[in-house]
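See structure below.
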Amino acid sequence: MKALVIVNPMAAHGKVGRNWKQSESRLHEKIGPFDTVFTERPGHAEVLVRQGLKDGYDHIHIYGGDGTATESISGFFQNGKALRPEVLFSVWPGGTGCDFHRAILLPDTFKNRGADGITVIDVGRLTFLDHQKKECEKYFLNIASCGISGYVDQLMAKKWKRLGSAGFLLNTIEGLARYKNRRVRIKTDRGDLGERVVRAVAIANGRFFGGGMKIAPDAQLDDGKFQMVILGDIGLADALINTPKIYSGEHMSHPKIETQNITWTELTSDEEVLLDLDGEPLGTLPLRVQIIPAALRLKTY
């Protein structure tokens with residue numbers, strides 16, 4: 001099997017690049033021979049995946065963080081369809097959060113885990129406005145969200161990013177203090193939920209975001225559905241008390257939190273509502289997200 005490893009040398013603030021020689025040896029022991037390419041700029045992983053598919057690779061590995069893994073997924077798809085659906089995909093954790101990898105280690109994160117380590121998983125497709133108000137399309141593995149999560153992404157881009165998960169927690173605390181809840185109109189395949197005042201909405205294929213927050217504790221990667229979690233009009237004191245519960249998934253009993261299992265959703269607002277895609281600032285509402293069931297052959301080790 002012809003394998004390609006795409007490495008983000010800047011992941012974990014350059015740690016992946018500095019330690020690549022040792023990591024390369026360990027990967028050879030696990031997966032055998034492979035070719036290597038390095039990302040050089042934001043968005044490059046998508047380009048490298050698409051080129052790898054053209055070059056006939058049968059197994060594409062991503063070594064980096066959640067952002068690199070999700071960025072790479074758009075290279076596998078065009079117009080909602082996989083370019084080469086037979087190709088295998090694997091993720092090796094090298095970033096600061098590694099929330100997707102955290103999810104795939106859990107025994108119940110798959111409805112039907114393959115005995116050979118290969119499971120055909122769902123992928124998310126989303127359209128949104130970037131910060132220049134241009135409509136964009138992307139694909140994702142893990143979680144798309146809006147609200148305070150997008151605001152925290154903005155804070156992360158300015159400070160504490162080098163602290164990894166600790167930095168995310170610090171920026172989350174600042175975000176809790178400064179963020180104002182927004183009015184968002186929500187439609188799903190299960191009906192029109194109308195306009196809600198929300199702190200955040202998460203559309204989850206995986207379970208974790210924000211460096212270990214178990215925002216969607218019942219999400220499964222191969223069940224053909226997202227778990228959508230709506231954090232309603234939660235005030236500052238309530239948020240400060242309950243945010244720690246997200247790390248264990250205990251937040252779901254809160255009376256202002258609701259959830260649905262959905263296949264698509266549309267979110268709109270008259271206010272600016274910022275988006276987050278696996279820890280990366282993305283743009284703003286309006287947002288449409290739909291699931292592509294059984295879209296990618298994921299191999300775990």
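The values are calculated or read from the model by the stated rules, or taken from the named source; none is laboratory data. Keep in mind that this is a model prediction, so the values were computed, not measured. The area values use the complete protein model at the heavy-atom level, side chains included, leaving out ligands, DNA and RNA. Shrake-Rupley method; radii C 1.70, N 1.55, O 1.52, S 1.80 Å.
Along the three principal axes, how long is region 74-122 when you take its alpha carbons, biggest first, rounded to the nearest angstrom?
Each principal axis gives a Cα extent; for region 74-122 these are 30, 28, 16 Å.
Starting at 0 and stepping by 10 Å, how many percent of the alpha carbon pairs of region 181-301 end up in each bin?
Final binned percentages: 13, 43, 37, 7, 1.
What is region 39-117 by shape, rounded, prolate or oblate, if you read a ≥ b ≥ c off the alpha carbon gyration tensor as root eigenvalues and call it rounded for a/c under 1.5, prolate for a/b larger than b/c, and oblate otherwise?
Oblate, since a/c reaches 1.5 and b/c is not below a/b.
Report, in listed order, any pair from Lys225/Lys299; Lys111/Lys299; Lys187/Lys256; Lys187/Lys245; Lys15/Lys180 with a Cα-Cα distance greater than 24 Å.
On the way: Lys225/Lys299 20 Å; Lys111/Lys299 15 Å; Lys187/Lys256 18 Å; Lys187/Lys245 27 Å; Lys15/Lys180 36 Å.
Long pairs (Cα-Cα over 24 Å): Lys187/Lys245; Lys15/Lys180.
Angle check, please: helix 165-178 long axis (alpha carbons) against the longest principal axis of the chain (alpha carbons), in degrees 0 to 90, nearest 10.
It works out to around 20 degrees.
Quick one, which of (i) 1.14; (ii) 1.72; (iii) 0.96 is the actual Cα Rg over 2.2 N^0.38 Å calculated for this model?
(iii)
Expressed as an acute angle from 0 to 90° and rounded to the nearest 10, what is the orientation of the C-alpha long axis of helix 148-158 relative to the principal long axis of the chain?
Rounded to the nearest ten degrees, it is 60.
Tell me the carbon and sulfur percent of the accessible area for region 137-261, rounded to whole percent, probe radius 1.4 Å. Spell out each step's value before the answer.
On the way: 2800 of 5290 Å².
Carbon with sulfur: 53 percent of the solvent-accessible area.
Rolling a 1.4 angstrom probe over the protein heavy atoms, how many square angstrom per residue are accessible across the chain?
Numbers: 13410 Å² over 301 residues.
That works out to 45 Å² per residue.
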